[in-house]
1. Under the Karplus relation 6.51 cos²θ - 1.76 cosθ + 1.60, θ = phi - 60°, what is the ordered set of whole-Hz ³J(HN,Hα) values for the stretch 216-232, x standing for Gly and Pro?
2. Based on the alpha-carbon gyration tensor of the chain and its eigenvalue square roots a ≥ b ≥ c, which shape applies: rounded if a/c is under 1.5, prolate if not and a/b is larger than b/c, or oblate?
3. Just to verify a number: what accessible area does F409 come out at with the full protein assembly present, 1.4 Å probe, Å² rounded to tens?
4. If amide H atoms are built 1.01 Å from N in the plane of the peptide, which residues on other chains or at least 5 residues away come under 5 Å of the amide H of G82?
5. Any idea what the dipole of the chain comes to, in debye rounded to 20, about its Cα centre with Lys/Arg Cβ at +1 and Asp/Glu Cβ at -1?
6. Each residue of the stretch 108-119 in turn: what ³J(HN,Hα) in whole Hz from Karplus with 6.51, -1.76, 1.60 and θ = phi - 60°, glycine and Pro shown as x?
7. Near K178, which aspartates and glutamates are there with a Cα under 18 Å away, not counting those fewer than 8 places off in the same chain?
8. Using a probe of 1.4 angstrom, how much of the accessible area of the stretch 131-253 is carbon and sulfur, in percent?
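The values are calculated or read from the model by the stated rules, or taken from the named source; none is laboratory data. None of the values given here were measured: they were computed from a predicted structure. With ideal geometry, Cβ positions are generated from the backbone for all residues, glycine too; neighbour counts draw on all protein chains shown. We work out accessible area using only protein heavy atoms, side chains counted, and drop any ligands, DNA or RNA first. Shrake-Rupley method; radii C 1.70, N 1.55, O 1.52, S 1.80 Å.
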Amino acid sequence: MSLPLTLHPDRLFPADEASRSIARALYAGVKDLPIVSPHGHTDPRWYAENEAFPDPSTLFIVPDHYVFRMLYSQGVALEDLGVPRRDGGPTERDSRKIWRLFAANQHLFRGTPSAMWLAHAFHEVFGIRERLDADNADKIYDQIDALLKLPEFRPRALFEKFNIEVIATTESPLDPLKWHRKIGESGWKGRVLTAYRPDPVVDPDFPGFADNLVELGRITGEDVSTWRGYLAALQNRRDYFREHGGCTSTDHGHPTAITADLSAKVASDLFDKVRAGSFTAHEAELFRGQMLTEMARMSVGDGLVMQIHPGSFRSHNPQLFAKFGRDMGADIPTATDYVHALKPLLDRFGNETKLSIILFTLDETSYSRELAPLAGHYPALKVGPAWWFYDSPEGMRRYRELVTETAGFYNTVGFNDDTRAFLSIPARHDVSRRIDCGYLGRLVAEHRLDLDEAHAVAHDLAYGLAKKAYKL
């Protein structure tokens, strides 16, 4: 017999009664606030076409590297999970077989944030009241599959049910934003914005970089064979994203946080090397660093918020990359320097009150040593929330403890869910709100914060800071 699936009302709250009772009261004031999702990777096509999700496996497993990386780590082949291959080679097409494999391995997710997100989606969205396992896999598959065929489980209806006020997707500067335009023309009131991710045309090591430059020139009409024309083309696309996608932010997934502030002549010469493909690893890094500073300069002019996501060794598994491509769960955190790396950019723009740069990290040791002190001083900087490997209960707790004393709450930017897994969005925000209320409850119980102050902070962390930081 399968075990019951329940969600305890006090989950994630502190164990001591004094803090827990305060956390309950704080949570009651924020749990129903609208969701602001300012950075993520859901597919805008979902909202544009508003078609039913095909089946449970396509919804929960195939697009979610949080899920399939855990299964892969235990020897489950990605082909058996239906993950598409780059060469179009054979993968499992039977959604029910994929689901059964997933169900039989639920024990692998014990203690992970994925288990919490899945339980929340199963329980709250689909009304499932027993834990998924090998014995009930078909029963639960059929329950979810039947609901997905109903109008109230289509993307726009779920968007509204989840109380999402605004969501931002992330697109390449070469993207024509077809789906965003279609959403805008549909008359639907849901706010789906884009974010400008220039990596394909500013990172010399990005696959297809040379061809991407050619396409950038074609769609902008600028001469990208020159440094000046190249910068004009990038600004052209920023303007296009603002006009046609409601864009309020950029996103930069660089390997490190290194920045540079080269003279126009040196930058132009470096660009010529990069464009010709005759560059060293050091020159590629220097070019990426110069482009962060150029993007900061453009943001001072057009107001787009910058997000910098450094510190990931992308596609660490070369065999997996060759077969399946990017974003297959093989991106591994690395140590990242910010104090020295950002100094060229900060020397030029750090005191600009018109500039907002949100710094993320996959290196938790940098929170109290570097990021909080930097954001606690420079007007241009904010500390981004716990991200990716750390958007988890323990990661969120450590983030608050390491950042707050130095940077306070208002040099942070609330929470963002950074996900492709649409149904996990309300679950992730619920986890964040519970952790923040628990942290605030402890501060009140220790007489470090008054209750009315804690209520105000809880509201801002759950809702207000993200709207302000991302200009939403």
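1. Working through the residues one at a time gives 4, x, 5, 7, 9, x, 9, 7, 7, 7, 10, 4, 5, x, 4, 5, 5 Hz.
2. oblate
3. 20
4. E92
5. 460
6. Each residue of the stretch 108-119 in turn: 5, 9, 4, x, 9, x, 4, 4, 5, 5, 5, 4 Hz.
7. Within reach: D43, E49, E51, E215, D239, E243.
8. Working: 2570 of 5320 Å².
Result for the stretch 131-253: 48 percent of the exposed heavy-atom area is carbon or sulfur.
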